[in-house]
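Notes follow once the structure below has been shown.
The values are calculated or read from the model by the stated rules, or taken from the named source; none is laboratory data. Just so it is clear, the structure is predicted and the values come from calculations on it, not from any experiment. Here Cβ is always computed from backbone atoms with ideal geometry, including for glycine, and neighbour counts include all displayed protein chains. Only protein heavy atoms, including side chains, enter the accessible area calculation; ligands, DNA and RNA are left aside. Shrake-Rupley method; radii C 1.70, N 1.55, O 1.52, S 1.80 Å.
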Amino acid sequence: MPNNAPQPTEEELREMARQSACPSGEFGLMIGEKMAAVNQHFIRRTVEALEIVDGDSVLELGHASGRHVADFMTPGRRIRYAGLEVSQTMVEEARRINAGLAVTQNVTFQHGDGLSLPFDEHAFDKIFTVNTIYFWERPVPYLREIARVMKPGGRFCLAFVPKAMMETLPFVKYGFHLYHTPEIVEMQEQASLKVVNVKHMIEDTLTPFGVPVKRSFVVITSASAG
């Protein structure tokens, strides 16, 4: 059957791209909720690859609304979680949603510039990021920052949708940097991160416009090469 839904304008596509990179205002909150729903399985599989254990300190880059944090910060687990986000709107929303966890467990959210990490060397056992690399201004230096704050023997999981799949979305032509898997592996090696596993997966999900689709995604697991 033909799709008779109205097609978004170029201005709407630009706004979708801008809000995907850095959600702001009421529309940003709506985008944050949509991302939380669309990426729920994606995030879960990435966290599984981290293999978080009691006593770990965990850093997430680009936590959006942070609705998923409660899934692994269950009562009784001795885990320290820090979220870093370029969107102040999402920082405030994540703090609101996780207000209870912030009181009962070691959970914090803060704003970052997307260029550097405001943490000491070897501060985290586990680091992860989902669907953010498209917006990094300086990918290799940022990966070096990740390597700097990761403890020896730590683990970093980077999850993304490959270029061939992302190119099917009309708004990614506005400000997204798309990658094939070997390109990201090479950048990690340049940043002294040793790739130990590359996992390709497929899931049933929705596009940002509510259209059902099978989405392929990749989770790259790395360790410090230093």
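Filter the stretch 10-32 down to residues that are open to solvent by 70 Å² or more (accessible area, probe 1.4 Å) and of a type outside the set (A, V, I, L, M, F, W, C), then give me how many there are.
The total comes to 6.
Restricting attention to the stretch 39-73, report how many residues are without any contact (Cβ under 8 Å) to a residue 60 or more places away in the chain, buried (at least 19 other Cβ atoms within 10 Å of the Cβ), over 19 Å from THR89 (Cα atoms) and in contact with a His (Cβ under 8 Å, 6 or more places away or on another chain).
Within the stretch 39-73, residues that are without any contact (Cβ under 8 Å) to a residue 60 or more places away in the chain, buried (at least 19 other Cβ atoms within 10 Å of the Cβ), over 19 Å from THR89 (Cα atoms) and in contact with a His (Cβ under 8 Å, 6 or more places away or on another chain) number 0.
Conditions (1) farther than 17 Å from PHE156 by Cα; (2) modelled with pLDDT under 90; (3) among the charged types (D, E, K, R), marked per residue:
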site: GLY25; (1), (2), (3): yes, no, no
site: ILE31; (1), (2), (3): yes, yes, no
site: ILE43; (1), (2), (3): no, no, no
site: VAL47; (1), (2), (3): no, no, no
site: VAL53; (1), (2), (3): no, no, no
site: LEU61; (1), (2), (3): no, no, no
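Conditions first: (1) under 21 Å from PHE176 (Cα atoms); (2) surrounded by fewer than 18 Cβ atoms within 10 Å (Cβ to Cβ); (3) of a type outside the set (Lys, Arg); (4) touching a Leu at 6+ places or on another chain (Cβ under 9 Å). GLN110 passes all but one, so which condition is the exception?
(1)
Residue by residue through the stretch 64-112, note down the ones that are closer than 16 Å to PRO23 by Cβ, under 16 Å from the mean Cα position of the chain (by Cα) and among the aliphatic types (A, V, I, L, M).
Answer for the stretch 64-112, where residues must be closer than 16 Å to PRO23 by Cβ, under 16 Å from the mean Cα position of the chain (by Cα) and among the aliphatic types (A, V, I, L, M): ALA64, LEU84, VAL86, MET90, VAL91, ALA94.
List every residue pair whose Cβ atoms lie under 8 Å apart, where the two residues are 6 or more positions apart in sequence or sit on different chains, the first residue falls within the stretch 176-205 and is more than 27 Å from ALA37 (Cβ to Cβ), and the second residue, located anywhere, is of a type in the set (S, T, N, Q) and open to solvent by 30 Å² or more (accessible area, probe 1.4 Å).
SER192/SER224; LEU193/SER224; LYS194/SER224
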